[in-house]
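A short write-up of the structure that comes next.
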Amino acid sequence: MPLPAFPRCLAAVLLPAIAILLTACGEGPWNSPYPAGAASGRTLFASFSERPKHLDPARAYSSDEFRIIGQVYEPPLQYHYLQRPYALEPLTAVVLPTVRYLDRDLKVLPDDAPEAAIAYSEYAIRLKPGIRFQPHPAFVRDSEGAYRYHALTDEQLASIARLDDFGELATRELTADDYAHQVKRLAHPQLHSPIAELMKTYIVGFRELADVLKRDLDAKGPGTVLDLRDYALEGVQVVDAHHYRVRLHGKYPQFRFWLAMPFFAPMPWEAERFYSQPGLVAKNVTLDWYPVGTGAYQLIENNPNRRIVLGRNPYFHDEFYPTEGEPGDRESGLLVNAGNRLPFIDRVVLALEKETIPYWNKFLQGYYDSSGLASDNFDQAVQFSAQGNAELTREMQAQGISLETAVAASSYYMGFNLLDPVIGGLDERHCKLRQALSIALDYEEFITIFMNGRGIPAQGMVPPGIFGHLDGPRGINPYVYDWVGNAPRRKSIEAARQRLAEAGYPRGVDAVTGKPLVLYLDITARGPDDKSLLNWYRKQFDKLGIQLVLRATDYNQFQQKMANGNAQIFQWGWNADYPDPENFFFLLYGPNRKAGLGGENAANYQSERFDRLFERMRNMDDGPARLEVIQQLQEIVRHDAPWIFGYHPKSFALHHAWFRNLKPNLMANNELKYQLIEPAQRVARQREWNRPRVWPLLVGLILFFAALVPAWHGYRRRQRASAL
Amino acid sequence: MIPTLFWTDGLFFLVLVMAGALVLVMRRREHFRRPWRTVSRSTPAMVSLVVIAVYLAVGIVDSVHFFPRADAAGSAAGANEPISLLDHWLGGLRTRTEKTYSEPFAAYAYAKEHLPTADGGQRWDYPRLTYGGAHLVDPESERVRDIAVTGVRGAGQGGLMWLIAAAGIAALIARSRREPIGRVVHRVARGQTPLPWRAMLLTLLLLCVGGGAIAEWSAHYHVFGTDKVGADVLYQTIKSIRTGLLIGTLTTFVTLPLALVLGLAAGYFRGWADDLIQYLYTTLNSIPHVLLIAAAILLTQVYMAKHEEAFASLALRADLRLLFLCLILGLTNWTGLCRLLRAETLKLRELEYVQAARALGVRDHGILLRHILPNVFHIVLISVVLDFSGLVLAEAVLSYINIGVDPTTESWGNMINSARLELAREPPVWWSLAAAFVFMFTLVLAANLFADAVRDALDPRRAD
Amino acid sequence: MSAYLIRRLLYAVPLLLGVNILTFLLFFVVNTPDDMARMQLGQKRVGPEAILDWKHERGYDLPLLWNEGAEGTAQVTETIFYQKSVGLFLFRFGRSDQGRDIGADIRTRMWPSLAIATPSLVLGVTVNVSLALLVVLFRLTYLEFWGMALCVALMSVSSLFYIIGGQYLFGKLLQLVPISGYDGGRDAWRFLILPLTISVISGIGSGVRWYRTLFLDEVEKDYVRTARAKGLGELRVLFTHVLRNALIPILTGIVVLLPLLFTGSLLNESFFAIPGLGSYTIDAIQQQDFAIVRSMVYLGSTLYILGLLLTDISYTLVDPRVRLH
């Protein structure tokens, strides 16, 4: 049957279009978000949800930033990939740094010298020779030895939009000067290094350097660029090309952990000079966006609007997969590549993915090799075994997905502002009040409802995995928990009411004035999900007959309030910088108060006994004596209850079968070089999981035209009628 | 029980009173009655009106707030948060929360849990819900039957209510027409009344039967399931009605005065006043509206943070944010109407009767009030009804960018915003999204149909 | 003509000044420099000194509008308003609070926005006009009634539902296209299909209704009756006569939109992870980076004013009877 004219012309347009569509998509899955063939390379596909703010090692301080620069910059030390508890090992250093103690007159003291006698400690770091930086235009020199790209002309700049537009690249050997240069950068007032204030109290001459730099900057006006090579830092001495020393005030054993963080990575002066050219700054080509390091990877493309691409550093030095790990690592296949040369993955493509739906779906379709686990996808992926262990659901197992879990070295808590007249104060009455609240706030329920069980209730300051944490009956918070059977059990609400009465508020009413007790929780509420959370808090306080007023503010107002010490109750969290209990207890150290002093002690807690013990504990070496002091500290804060110890989150991560050598390491940030992709398996699975279904579309099209046909006939009839 | 009046409550009632007054005024003028008669004869418009009336009733009941008395157990939590009459009536829906998601009409939770078994061990299975289908002994065998029986019972009750209402309406028509009631019923049934009573009553029947069934079901089930923290979705979506209505109506408090005063002034006085007003609205118009709204919403947050003793309760904060959102939406919305009014006034002022009035020495405000305003009023009406649905839709989008209503306010936008992640679950959690969709779609569709009819009737260019 | 253009351009100056002052007031009242500093410096280990430094470095420690301490013209120029706003007039957007050059970001992000907005406008207009013509062609049949009913229904659905539903259906269930993402160059089309389809479908409701009223206005006019009386087929009448005469309102409606193609669609871009200017703006709002927001406001206003100007010019091009003076 010949088609009527109108549908015929439509068909003439549509049929070829469909045909083109069908042929164009002939190879590979249609819905792959990558160019054809990308999956068959040794490329890791992952995502980032928010663009990293800083990639300058002096400024970066969040995990999403470390995740990138950790692969590029190499501080002298690193954490062993497999060993637990976390242990440091040399990275660019030959061995772990040696420490010697000096007295006031710079005379060397024996290692067991009393702390009072130690005026300085000195870390000596020896570097491996022959380590080279990634190829970079900043190192390129012409035949006379002058740097080719350090004074770019406008003509040269015109053809440059990104780093790979430079014609030539060069490298040079890593020296101790580069490390010294970076420490000086930490003092630079314009870089706002988050650890500058801390280092002022430790590194000898650091404060003075910062002051001099500030003075010179003010004198020369804001636009000037200072060459840090003209300035000396007393505490950092370069002995020779592969040997430098850092001198600190007093004893600070935690310094070795800082040496494993990117803050102390090497920075070639050439790079800083290169990137300070105004022409490049105007093109967003800066050190804060394009790192220059010695690590296994180099940043190839940095388009924070879409993707960040890392590629292998061709000059990466010899490094090998660890040959030993924790017991059980061999069985779980983590030692298959023992002794092989690193890295295994050639390229890493991090795509911007802000919405969790597409992210999760793409992971299930095989387009991301690994995925975190948001609470919305949790039920789909994970179930709990009868023993309470998390395991994957059957569908996930069928896809060959594996699950890794680890308790994060973080603590989330509800803090009380100790300066507040109602809730604060260290007398017995107020401590009782806070203890009562500690019992009433049922964090077990919180974890079930809001975290899908991905956390463990905190018993004190120290999370598991950090020295000082105790399991079993000795490790519980006796003011909130009882040890029943073989597990801690939260005290009954009756016990809380009892304590509240002792605090002077029987049934939540002030025994003196007869007025009900009203407390205020300052909170930054953002999404609709927070609503249920707020209701939950209110219910918890209601159990004691206490009215909770929620003061929801935005982030800025909240920060302002905290800085002024105006909040009453607040929630806060802390991610450890390094695996040492000092990094947690300092959050309650008196001289570290937030109000007025701007420290991290948000509760403004100040107890002389605690401060004295803390000062002793922080410089001790791990051992039974330190453990004892830590337990005393725990006892003090459990009794005084400046915080309601909330929970330590557990991180859950999923990955596909073709992604290997994954072991959660919450301290290390250079794990990428150990990991491995098997592309063949990935390609096969992606194809299998993504079969396009076209028929509903075709059915829809047919229905649409079917609906037109009677109308067409009606129209023809009318035409004929009017023509007659 | 201590009654309290929120800002939005007060303004909402003011809008209703003003609308009522307007209806009374217009009833007395023939040239207004004629187009409205056309509207009242249009079946879609009147059916929509019935639907809108039902939404409006819910919104009104939800706008009467009071502090509940603290109950004897000494529970303090509720005492500083006011609730509405609707909350009071739907008390069961509000308080019967499960632990987490459950499907519509489910008796079991959406996610598996550890359940203690009889022999002291644990098994990993779907737990029974605390409230949903809790009266059933064996849900597998009884549930479907129970749902059907309850549904029919509820529908029957709804039908009964409808019969009473329909009889009342028939009696009223009969009285005003002075006809025997039997004939009236006959004519309504055959669709021979000037007003489309048959269609309206059928719509009402549908709403009564559906509402009755849902009411009966909701006593024992979660008709639209529960959300992430186990709150009843039906309750949320009913509560969202008020938010939607407020956003659609309260904006008129800004748009109407601004557009009327400035539009008429610009068109009538021309000269520098015209230039200034045109400048004003072009400037405002040229700023992308989303950004203007974002700035204004952040402004309210700062204001509230600086005066927090005045906003002790969450409800009060949420209310103020809603009010500000309405006002700022009004501020971005008046320019279109203003431009139309200006153009119309420019035309009108040249007409003979206006010129004559001016020649006779009638003062400007007299001319504006008596001659120009009544003649541009149809434009105002059309624009108000046309804007309504757009504003309801805009709320959802703004909530997505986090610059809409307060996160604690129930609104369709917030429901969609939190539910969009749920579709990624397996099996997908579709019910929050579906409930928000159905309720929002119904309101917007009704509003659109009604607005179409109003425009067709009032716009002289479209009148036949 | 050129005198008219010059006058219109001059008229734009007070407009832009107004926009500038308004946004400046709004954003600086909302967000004090201290807030910005805290937002940008992050959470851990930020002292009050760091905030002072940050403000000093970016020039936010000056007075807002009037500098009492300075001399002469510096009283005006040494203020935040002067320093931060005057550059906008010259399209020097300066640096964002995070320290990136806004101008460079806008230049790179404008292309994806164009890549999605241009085809969706063209395709949208084509589809809407053809469907509207179809409806007019089949007027007074069941197709018109149901078509219009469908349009009202489509109009009544929130745009969020279109996006969520589209991603779920085409990306997840049918696995035809990537759920989200973007790639420049030859591969871009695979990512654009879904957002394009969705934006076209979500615009059908109001679009078809609008064009239908345009066409119906024309269809009843005398010249159409004459053409029909001459015995021309309805198809010819519609496509040659009606369409051509309805072109003026169609074109002027489109021209206003042209400059706004640059600024992109807020919703589509952020749902589909398209790195355009729309998602740039949303990110800036959510991160409270107001240097970016103000730049985008200014850019949006400029383009809007440009659109008005283009509309006027296009009148003269389409309809020779219109003269501008």
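The values are calculated or read from the model by the stated rules, or taken from the named source; none is laboratory data. Computed from a predicted structure; not experimentally measured. All Cβ positions, glycine included, derive from the backbone under ideal geometry; neighbour counts span all protein chains shown. Just the protein is used for accessible areas: all its heavy atoms, side chains included, with ligands, DNA and RNA removed. Shrake-Rupley method; radii C 1.70, N 1.55, O 1.52, S 1.80 Å.
Roughly what would the spin-label model give for A:PHE320 and A:LEU96, points 7 Å off Cα along C-beta, in nm?
2.1 nm
When only C-alpha pairs under 8 Å and at least 6 residues apart count, what is the relative contact order of chain B, in percent?
With pairs under 8 Å counted, the relative contact order is 20 percent.
By average Cβ neighbour count within 10 Å, what is the ranking of A:260-268, B:179-187, A:438-446, A:642-650 from highest down? Before the final figure, lay out the partial values.
Numbers: A:260-268: 25.1, B:179-187: 13.6, A:438-446: 20.7, A:642-650: 22.9.
Most protected by this proxy first, the peptides run A:260-268, A:642-650, A:438-446, B:179-187.
Computed on protein heavy atoms with a 1.4 Å probe, what is the summed buried accessible area for the chain pair B and A, in Å² to the nearest 100?
What B and A bury together is about 3300 Å².
Could you give the length gained on full extension between A:ALA657 and A:GLU608, defined as 0.36 nm per residue of separation minus the Cα-Cα distance, in nm? Write down the numbers at each step before the final one.
On the way: separation 49, 0.36 × 49 = 17.64 nm, distance 5.39 nm.
Roughly 12.2 nm would be gained on extension.
Between the chain alone and the structure with every protein chain in place, find the residues of segment C:79-107 that drop at least 40 Å² of accessible area; heavy atoms, 1.4 Å probe.
When all protein chains are present, C:ARG95, C:GLN98, C:ARG100 each give up 40 Å² or more of accessible surface.
If you count, for each residue, the other Cβ atoms within 10 Å and average over each peptide, how do C:229-235, B:391-397, B:249-255, C:168-174 line up from highest to lowest?
B:391-397, B:249-255, C:168-174, C:229-235
Using helices alone, I'd like the mean residue ellipticity at 222 nm for chain A: each DSSP H run of four-plus residues gives -39500 (n - 2.57), total over residue count, nearest 500.
On the way: 22 runs with 226 residues, N = 724.
Calculated mean residue ellipticity at 222 nm is -9000 deg cm²/dmol.
Where the eigenvalues come from the Cα gyration tensor of segment A:18-139, what are the semi-axes √(5λ) of the equivalent ellipsoid, largest first, in whole Å?
Taking √(5λ) for each eigenvalue gives 51, 16, 15 Å, largest first.
So how much slack lies between B:TYR126 and B:LEU56, counting 0.36 nm per residue of separation and subtracting their Cα-Cα distance, in nm?
Taking B:TYR126 through B:LEU56 to full extension adds about 21.2 nm, to one decimal.
Probe 1.4 Å, all protein chains in place: accessible area of B:THR130 in Å², nearest 10?
Roughly 90 Å² of B:THR130 is accessible to a 1.4 Å probe.
Which value, in Å² rounded to 10, gives the accessible area of A:LEU613 with a 1.4 Å probe and all protein chains present?
20 Å²
Using only Cα atoms, what Kirkwood radius does chain A have, in angstroms?
Numbers: mean 1/r = 0.0338 Å⁻¹.
Hydrodynamic radius (Kirkwood, Cα only) of chain A equals 29.5 Å.
Calculated FRET efficiency, B:LEU172 and A:GLU444, Cβ-Cβ r, R0 56 Å, to nearest 0.05? Before the final figure, lay out the partial values.
On the way: r = 61 Å, r/R0 = 1.09.
Efficiency for this residue pair is about 0.35.
Put a dot 7 Å past each Cα toward the Cβ at C:TRP189 and A:ASP164; how far apart are the dots in nm?
Taking the simple label geometry, A:ASP164 and C:TRP189 are separated by 2.4 nm.
Of all the Cα-Cα pairs you can form in segment A:410-651, what percent are over 29 Å apart?
Numbers: 7434 of 29161 pairs.
For segment A:410-651, the fraction of Cα-Cα distances above 29 Å is 25 percent.
Averaged per residue, what accessible surface does the protein assembly as shown expose to a 1.4 Å probe, in Å²?
43 Å²
Return, ordered by residue number, the residues of segment A:182-203 whose backbone nitrogen is under 11 Å from a label point located 7 Å along Cα→Cβ of C:ASP61.
Flagged as within label range: none.
Quick one: pull the percent of accessible area on chain A belonging to carbon and sulfur, 1.4 Å probe, ligands and nucleic acids left out.
54 percent
For C:ARG7 paired with A:ASN564, estimate the spin-label separation in nm (one decimal), with each label point 7 Å from Cα along the Cα-to-Cβ line.
Result for the modelled spin labels: 5.4 nm.
Inside 10 Å of the C-beta atoms of C:180-192, what's the mean count of C-beta atoms belonging to other chains?
Counting Cβ atoms of other protein chains within 10 Å of each residue's Cβ and averaging gives 4.
Using a Förster distance of 60 angstrom, determine the FRET efficiency expected from the C-beta separation of A:LEU109 and A:ASP427, and round it to 0.05. Intermediate results must be reported in sequence, preceding the final value.
On the way: r = 43 Å, r/R0 = 0.72.
According to the calculation, E is roughly 0.90.
Per-residue HN-Hα couplings for segment A:470-487, Karplus 6.51 cos²θ - 1.76 cosθ + 1.60 at θ = phi - 60°, whole Hz, x for Gly and Pro?
With the stated coefficients, segment A:470-487 comes to 10, 8, x, x, 6, x, 8, 8, x, 7, 10, 10, 10, 8, 10, x, 10, 8 Hz.
Quick one: which residues, 5 or more positions from A:ARG141 or on another chain, have an amide H under 5 Å from its amide H? H modelled 1.01 Å from N in the peptide plane, none for Pro or chain starts.
A:ARG148
What's the total accessible area buried between chains C and A, using a 1.4 Å probe, rounded to the nearest 100 Å²?
6000 Å²
Per the Kirkwood treatment, what hydrodynamic radius in Å, one decimal, follows for segment A:606-652 from the mean inverse distance over all distinct Cα pairs?
12.0 Å
Inverting the mean 1/r over all pairs of different Cα atoms, compute the Kirkwood radius of segment A:473-536 and quote it in Å.
14.8 Å
Between B:ARG41 and C:LEU173, what FRET efficiency follows from the Cβ-Cβ distance if R0 is 35 Å, with the result rounded to 0.05?
Once the sixth-power term is evaluated, E becomes 0.20.
Please grab the % of Cα pairs in segment C:104-318 that end up more than 30 Å from each other.
Within segment C:104-318, distances greater than 30 Å cover 34 percent of Cα pairs.
Considering Cα pairs under 8 angstrom that are at least six residues apart, work out the relative contact order of chain A and quote it in whole percent.
Over chain A, the number comes to 17 percent.
Give me the compactness ratio for segment A:70-288, meaning the Cα radius of gyration over 2.2 N^0.38 Å.
1.12
Suppose we look only past 29 Å in the calculated P(r) of segment C:59-203. What percent of the Cα-Cα pairs does that tail hold?
49 percent
In peptide C:18-27, what is the residue-averaged number of other protein chain Cβ atoms found within 10 Å of each Cβ?
If you average over the peptide's residues, the count of other-chain Cβ atoms is 4.
Can you compute log10 of I(q)/I(0) for the protein assembly as shown with the Debye formula, treating each Cα as one identical point scatterer, at q = 0.04, 0.05 Å⁻¹?
-0.30, -0.47
What order, most packed first, do the peptides B:409-417, B:164-172 have when packing is the mean number of other Cβ atoms within 10 Å of each residue? Display every interim value, and only then the final one.
Numbers: B:409-417: 26.8, B:164-172: 13.9.
Final packing ranking: B:409-417, B:164-172.
Quick check: with the 1.4 Å probe, what order do A:VAL95, A:VAL509 take by accessible area, largest first?
Largest accessible area first, the list is A:VAL95, A:VAL509.
How big is the accessible area of B:TRP124 in square angstrom, nearest 10, if you roll a 1.4 angstrom probe over the protein chains?
70 Å²
Mind listing, in residue-number order, the residues in segment B:255-299 that have at least 50 Å² less accessible area with every protein chain present than in their own chain alone (1.4 Å probe)?
Flagged in segment B:255-299: B:TYR279, B:THR282, B:SER286, B:ILE287, B:LEU291, B:ALA295, B:LEU298, B:LEU299.
Once the convex hull of the C-alpha atoms of segment A:561-630 is built, how many Å³ does it hold per residue, rounded to a whole number?
It is 96 Å³ per residue.
Could you give the spread of the C-alpha atoms of segment A:646-724 along their three principal axes, from largest to smallest, in whole angstroms?
88, 42, 16
Averaged over peptide A:188-198, how many Cβ atoms belonging to another chain are found within 10 Å of each residue's Cβ?
On the way: counts 0, 5, 4, 1, 11, 2, 8, 2, 5, 5, 2.
If you average over the peptide's residues, the count of other-chain Cβ atoms is 4.
With viscosity set to 0.692 mPa s and temperature to 37 °C, compute the Stokes-Einstein D of chain B, Rh being the Kirkwood radius across alpha carbon pairs; µm²/s, no decimals.
130 µm²/s
Quick one: compute a quarter of the convex hull surface over the Cα atoms of segment A:163-241 and quote it in nm².
The orientation-averaged projected area of the Cα hull of segment A:163-241 comes to 7.0 nm².
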